[in-house]
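Everything on this sheet refers to the single structure shown next.
The values are calculated or read from the model by the stated rules, or taken from the named source; none is laboratory data. Note that the structure is predicted; figures quoted are calculated from it, not measured. All Cβ positions, glycine included, derive from the backbone under ideal geometry; neighbour counts span all protein chains shown.
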Amino acid sequence: MNFFSNSLVYFIKKPLIPIYIASISLVYCIIMIFNPVKLLAKYYSSFISDEIGDTVIMFSKTVYNYTNIPYILLGILALSLILALVSSLLFSGYMNIVHLTVKRIKTDFSHYLQGLKKGFFRCSLVFLQLYLSLLLFIGFIPLAFTPFFILRNSVIDAGHDPTIVYILLAVLIFIIIAIFILIYMNFMFKFPSIFHFSKYPIEKANSAVNAKYWRTFGKATLLLFFLVGVFYIMFQIENKVLEFLIGFILYTVYFSFFAVFPFYTFDKLIEPYRVSN
């Protein structure tokens, strides 16, 4: 509760924090109105349907071969680099504002520019690592599910009970979710540390995480499950106008708190565990 109440105080004292997120949410919601991915996802709404199983198997056989892998990796690297530079340009100044606000330091536009100057290169490197990790992991998820679909088809064709196969699917999904959370945990304090420490920020971010790992893990997991809930709600809305309005509100509220969370938590962690500057 302290996090939410303090975050509301930050929003009141520094309206730029939610307003900046609101402007990005507005652009995102406009883009999503014309995004065909949702329609395709609804077509394959049953994850264990025959259609998507056959599609995943065919996709894996066609795409993941030894001639395509180098191009896939180069594409992921190029996309990660572009996303990292754009993200750092958009958020390094903003993160400095959040960092100073959490530390109860008055800010103005000069601090935004200071954040760009101080954090752009470092944030670009962290964003690059983050996007590489996510895109490599997401890119090879279909490959991870291919054995399940092949095994499921074999079991069903043989007339056996597929229950054990679906248990294996649940285990696989759990592992994927856990890896997503671990990726977030690995990066969540690197951005606050960049603006808090002038030397060895990544090492000190890792120290802060290790200091109270499981408690932080629980909070991060809860935060990411809220995000899944937001996306689920948006996925269920059919009306484009409602999708735009509700999406704009939910994304603005959620990501405003999401932006503050690592800075607030990091600020609390470094004091009792005396991570030196």
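Answer yes or no as to whether residue 155 is surrounded by fewer than 18 Cβ atoms within 10 Å (Cβ to Cβ), part of a helix (DSSP H, G or I) and in contact with a Pro (Cβ under 8 Å, 6 or more places away or on another chain). Lay out the reasoning, then the answer.
Working: surrounded by fewer than 18 Cβ atoms within 10 Å (Cβ to Cβ): yes; part of a helix (DSSP H, G or I): yes; in contact with a Pro (Cβ under 8 Å, 6 or more places away or on another chain): yes.
Yes; evaluated as a whole, the condition is true for this residue.
Which ones in segment 190-235 are of a type in the set (Lys, Arg), at pLDDT below 80 and surrounded by 13 or more Cβ atoms within 10 Å (Cβ to Cβ)?
Narrowing segment 190-235 to residues of a type in the set (Lys, Arg): 190, 199, 204, 212, 215, 219.
The next check asks that each one be at pLDDT below 80; those that pass are 199, 204, 212, 215.
Result: 204, 212.
Quick check on segment 8-29: of everything there that is out of contact with any Phe, Trp or Tyr (no Cβ under 7 Å at 6 or more places or on another chain) and β-branched (Val, Ile, Thr), which residue is farthest from residue 104 (Cα to Cα)? Outline the logic, then answer.
Quick first cut of segment 8-29, residues out of contact with any Phe, Trp or Tyr (no Cβ under 7 Å at 6 or more places or on another chain) only: 8-16, 19, 22-24, 27.
Filter once more, keeping what is β-branched (Val, Ile, Thr): 9, 12, 19, 24, 27.
Values: 9: 10, 12: 12, 19: 19, 24: 25, 27: 30 Å.
In this case the residue turns out to be 27.
Being more than 14 Å from residue 141 (Cβ to Cβ) and of a type in the set (A, V, I, L, M) is the filter; apply it to segment 58-77 and report the residue that is modelled with the lowest pLDDT.
We begin by selecting, within segment 58-77, every residue more than 14 Å from residue 141 (Cβ to Cβ); these are 58, 61-62, 65-71, 73-75, 77.
After this cut, where a residue has to be of a type in the set (A, V, I, L, M) as well, the list is 58, 69, 73-74, 77.
Details: 58: 78, 69: 86, 73: 91, 74: 94, 77: 96.
Looking at the filtered set, the residue picked out is 58.
Among what's in segment 123-151 and is touching a residue at least 60 places away in the same chain (Cβ under 8 Å) and crowded, with 19+ Cβ neighbours inside 10 Å, pick the residue that is farthest from residue 197 (Cα to Cα). Walk me through how you get there before you give the answer.
From segment 123-151, those touching a residue at least 60 places away in the same chain (Cβ under 8 Å) are 123, 126, 136, 139-140, 142-143, 145-146, 149-150; that's our starting set.
Then drop every residue that is not crowded, with 19+ Cβ neighbours inside 10 Å, which leaves 123, 126, 145, 149.
Details: 123: 13, 126: 15, 145: 42, 149: 48 Å.
For segment 123-151, the residue satisfying everything is 149.
Is it the case that segment 59-72 has a residue that's surrounded by 18 or more Cβ atoms within 10 Å (Cβ to Cβ), in a helix (DSSP H, G or I) and on the phi < 0 side of the Ramachandran plot?
yes
Every residue, every condition in (1) part of a loop (DSSP other than H, G, I, E, B); (2) small (Gly, Ala, Ser); (3) surrounded by 17 or more Cβ atoms within 10 Å (Cβ to Cβ), yes or no:
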position: 76; (1), (2), (3): no, no, yes
position: 80; (1), (2), (3): no, yes, yes
position: 119; (1), (2), (3): no, yes, yes
position: 161; (1), (2), (3): yes, no, no
position: 164; (1), (2), (3): no, no, no
position: 169; (1), (2), (3): no, no, yes
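So residue 106 ticks every box in (1) of a type in the set (Lys, Arg); (2) surrounded by 15 or more Cβ atoms within 10 Å (Cβ to Cβ); (3) part of a loop (DSSP other than H, G, I, E, B) but one. Which box is left unticked?
(2)
Checking the condition modelled with pLDDT under 85, aromatic (Phe, Trp, Tyr) and assigned to a helix (DSSP H, G or I), which residue from 4, 47 passes? Walk me through how you get there before you give the answer.
Numbers: 47 fails: assigned to a helix (DSSP H, G or I).
One residue alone meets the criteria, 4.
For segment 82-93, enumerate the residues that are surrounded by 17 or more Cβ atoms within 10 Å (Cβ to Cβ) and farther than 14 Å from residue 196 by Cα.
Within segment 82-93, the first condition is being surrounded by 17 or more Cβ atoms within 10 Å (Cβ to Cβ), and the residues that meet it are 83-84, 87-88, 91-93.
Passing the criteria: 83, 84, 87, 88, 91.
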